[in-house]
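Here is the structure we will look at.
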Amino acid sequence: NAGVTQTPKFRVLKTGQSMTLLCAQDMNHEYMYWYRQDPGMGLRLIHYSVGEGTTAKGEVPDGYNVSRLKKQNFLLGLESAAPSQTSVYFCASSYEWGMNTEAFFGQGTRLTVV
Amino acid sequence: KQEVTQIPAALSVPEGENLVLNCSFTDSAIYNLQWFRQDPGKGLTSLLLIQSSQREQTSGRLNASLDKSSGRSTLYIAASQPGDSATYLCAVRSGANNLFFGTGTRLTVIP
């Protein structure tokens, strides 16, 4: 059972470089999310999607873009990386958002911007 | 905005001890609350999900309770083991895009 898979697991970027993080889920979930985790701040929502072809901003969207061209994939892009984007990024998915909805997380991508 | 607080930030206990982790939230209008475990450098593993209409959920040595009106949840771990050492996160769901996390409790179980 793959669940939620994130690619890559580690990456080092130079300031100004761009990259794309890939999240893939095999559970046929409608909802997908990108979070970042920073020490002492908990996980914060960057962007989310409620279905194929839809995206919306979360709590900290600046400097990031996303796309959901296929239901199973959710891409997070950094157009011009900054040191402040050094963080651990987590992707999550859920079937819906009701009372019985459980969120499933990937293993994370550790990004360092130098 | 929903605020989630977890106390204590760190906890160290001897093996075999029963322990309680606390989670509080400011807005009682939630759909559910989920407890996660995170090992160093790893992702989040879901432990328990409590729906807003429920009072508690149990899985093995874990028992989670929810008091929505007072904005509190506890995670009880019975007979702790060194393998339970990890960071425990609670998260409350308030809508489609709103899964709010606490900053976690780092648990160390000493053999």
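Read-outs throughout are calculated quantities, based only on the coordinates presented, and are distinct from any laboratory measurement. This structure is a prediction, so every number in the text was calculated from the model and none was measured. Reconstructed Cβ throughout: ideal geometry from the backbone, glycine too, with neighbour counts over all protein chains shown.
When the trypsin sites (Lys or Arg not before Pro) in the range A:1-71 are filtered for DSSP coil states and for at most 10 other beta-carbon atoms within 10 Å of their beta-carbon, the remaining sites are A:LYS14. When the chymotrypsin sites (Phe, Trp or Tyr not before Pro) in the range B:4-111 are filtered for DSSP coil states and for at most 12 other beta-carbon atoms within 10 Å of their beta-carbon, no site remains.
Charging the Cβ of each Asp and Glu at -1 and of each Lys and Arg at +1, and nothing else, the dipole of the range A:1-83 about its Cα centre rounds to 180 debye. Exposed loop sites here are trypsin sites (Lys or Arg not before Pro) assigned a DSSP state other than H, G, I, E or B and surrounded by at most 11 other beta carbons within 10 Å; excluding them, the longest clear run of chain B is B:56-111. Just so you know, the Cα atoms of the range A:67-110 work out to an Rg and Dmax of 13.3, 39 Å. Remark: chain B carries a charge dipole of roughly 240 debye about the Cα centre, counting +1 on each Lys and Arg Cβ and -1 on each Asp and Glu Cβ.
Neighbouring Cβ atoms from other chains, within 10 Å of the Cβ of residues in A:31-37, number 2 on average. If you run the Gaussian network model on chain A, springs between alpha carbon atoms under 10 Å, then out of A:GLY51, A:GLY77, A:GLY42 the most flexible one is A:GLY42. Take each residue of peptide B:41-54, count the partner chain Cβ atoms within 10 Å of its Cβ, and average: the result is 4.
Amide H contacts under 5 Å for A:TYR31: A:SER94, restricted to partners 5 or more places along the chain or on a different chain, H placed in the peptide plane at 1.01 Å from N. Straight-line reach from B:LYS68: taking Cα to Cα under 18 Å and skipping same-chain neighbours fewer than 8 places apart, the lysines in range are B:LYS1.
When chain B is treated as a GNM with alpha-carbon contacts under 10 Å, the residue of B:ASN97, B:ASN22, B:ASN32 showing the greatest mean-square fluctuation is B:ASN97. Listed by chain and number, the aspartates and glutamates placed with their C-alpha closer than 19 angstrom to that of A:LYS71 are A:ASP26, A:GLU30, A:GLU52, A:GLU96, A:GLU102; residues fewer than eight positions away on the same chain are left out. Counted residue by residue at 0.36 nm each, then reduced by the alpha carbon distance between them, the extension gain from B:SER59 to B:ALA78 reaches 5.8 nm. Once both labels are positioned 7 Å from their Cα atoms along Cα-to-Cβ, the gap between A:ASN73 and A:PHE10 label points is 2.6 nm. Mean partner shielding of peptide A:52-61, defined as the number of other chain Cβ atoms within 10 Å of each residue Cβ, is 1. Based on the Stokes-Einstein relation at 25 °C and a viscosity of 0.890 mPa s, and on the Kirkwood radius from alpha carbon pairs, the range A:9-106 is assigned a translational diffusion coefficient of 178 µm²/s.
Computed from the alpha carbon positions, the gyration tensor of the range B:40-103 leads to an equivalent ellipsoid with semi-axes of 21, 17, 9 Å, biggest first. The separation of the range B:5-31 from the range A:1-70, counted between C-alpha centres, amounts to 27 Å.
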